1. Pull up all non-local amide H partners of I60: gap of 5 or more, or a different chain, and H-to-H distance under 5 Å with H placed in the peptide plane.
2. Collect residues whose amide H, placed 1.01 Å from N in the peptide plane, falls under 5 Å from the amide H of V67; neighbours closer than 5 in sequence don't count.
Amino acid sequence: MASRFKALLKADLELTRTRWKKALGVLRSHPNVDEALFEELERSLEQGYAVSDEDVTPGIASLGAPVFDYTGRIRAAVSIGGLRPLLLDEMRDEAIELLVTGARDISAALGHTA
């Protein structure tokens, strides 16, 4: 799911903008997508989760959150996906709470303390 990819990408702060652009090479045909994506990733970092709103499939949305290890580095991401109206409208707050709590619990099990 796109949110899982975004969660992994935004959480690994050691990636440079150049390396990000290489990883996102398929988007280079759109002149403004890189900067818009970076802005979205920065928002995601602040809120602790990423949103994919029909980015891949019409009518489908997903939410993703990073999983950290004991060193504080990103090691995985968890995501929730489903029909857009259900996930982003009807149960958005509940889904975000479950996702972020789950990611934090897994991170804690891996020794992450922050």
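1. Amide H neighbours of I60, under 5 Å, 5+ apart: E54, R84.
2. Counting only residues 5 or more places away or on other chains, the set is R75, A76, A77, V78.
Values quoted throughout were computed directly from the atomic coordinates according to the rules given, and no laboratory measurement underlies them. In this text, all values refer to a predicted model and were calculated from it rather than measured experimentally.
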